[in-house]
Amino acid sequence: SVTAIPSFSKNRLVVWGGFTATASYLAYEQSQASWGVSNGQFHFKDDLHDGLALSDETSHLFAAYHLTRALNTGYRWTGMSSTASRRMAAAHAWLWTFIVEYPIDALNPGQGFGASDLAFNTVGVLAAYHHTRPGPRPWWDVKISVKETFFAGESRFIAHSNEQYDDYVYWLTVRPTRQRYLPLWIGAGYSTTHGEWPQLDKELHLAVGTTVEDMVAMINEDAGKFLRPLDFFFLNVGTKIVWK
């Protein structure tokens, strides 16, 4: 069945605006507490300092992609048309991710404006803009999984170091068939493992897996749709190829 979208409501837009404004403020406060106060001079991040690990940048793509999708859901809730909500969500997400780079990171003495981060943010936003087009759900998606090391420490949900970025695998997944009783995705993932500087292993993961949503949908489609917010997590088995 198709979920009905209400007609545009100014009241809902005000509520949504208040929610996103509050979320922006809380996110800013958290950034200052986690990574330091943005009270320095403008400077660029050294994008080569980590040996082009690209784990930070890939996390930006993933975050921008799913942020755009979440914002699109919110704007649709206000009653905006599909076209308007997609445009607003993409603009909103890109603006948020730009603010992270400037002024938050650009003026943070320990961070810096990341040109590569901004590029990956933009790719994530554009991918989500394409993914949220009207019609059947696309056959591809951007997902994430965690390694065993994720469970070995605290404060792992937001990485604070290269080693914590190593906890995550970021996936481009495809679903060859939409058959409800064959809920399998094929994925190619990327991650890193840091040793003592400058030791760095880059990892290509190849796997077959599924999501909580798809597993539950085999039993009950409505319950599966209710769990759709969890579709970003990729449960998988596979192998990896490592290079320096």
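Condition check: at pLDDT 95 or above and either open to solvent by 40 Å² or more (accessible area, probe 1.4 Å) or among the basic types (Lys, Arg) (or both). Does Leu71 satisfy that?
For Leu71, the condition - at pLDDT 95 or above and either open to solvent by 40 Å² or more (accessible area, probe 1.4 Å) or among the basic types (Lys, Arg) (or both) - is not met.
When the range 100-151 is filtered for residues that are among the small types (Gly, Ala, Ser) and closer than 26 Å to Asp231 by Cβ, the ones remaining, listed by number, are Ala119, Gly124, Ala127, Ala128, Gly135, Ser145.
Checking each residue in the range 150-192 for being of a type in the set (S, T, N, Q) and either surrounded by fewer than 11 Cβ atoms within 10 Å (Cβ to Cβ) or more than 20 Å from the chain's Cα centre (by Cα) (or both) picks out Ser155, Ser161, Thr177, Gln179.
What's the number of the only condition in (1) open to solvent by less than 60 Å² (accessible area, probe 1.4 Å); (2) under 30 Å from Arg137 (Cβ atoms) that Gly36 fails to meet? Failing condition for Gly36: (2). Can you name every residue in the range 182-211 that is closer than 24 Å to Ala159 by Cα, free of Cβ contacts under 8 Å to residues at least 60 places away in the same chain and β-branched (Val, Ile, Thr)? Result: Thr193, single match. Here Met80 meets the list (1) in a helix (DSSP H, G or I); (2) open to solvent by 20 Å² or more (accessible area, probe 1.4 Å); (3) among the aliphatic types (A, V, I, L, M) almost entirely, failing just condition (1).
The values are calculated or read from the model by the stated rules, or taken from the named source; none is laboratory data. A quick note: this is a predicted structure, and the numbers were derived from the prediction, not measured. Glycine gets a Cβ as well: all are built from the backbone with ideal geometry, and neighbour counts include every protein chain shown. To get the accessible areas, we keep the full protein, side chains included, count just its heavy atoms, and leave off ligands, DNA and RNA. Shrake-Rupley method; radii C 1.70, N 1.55, O 1.52, S 1.80 Å.
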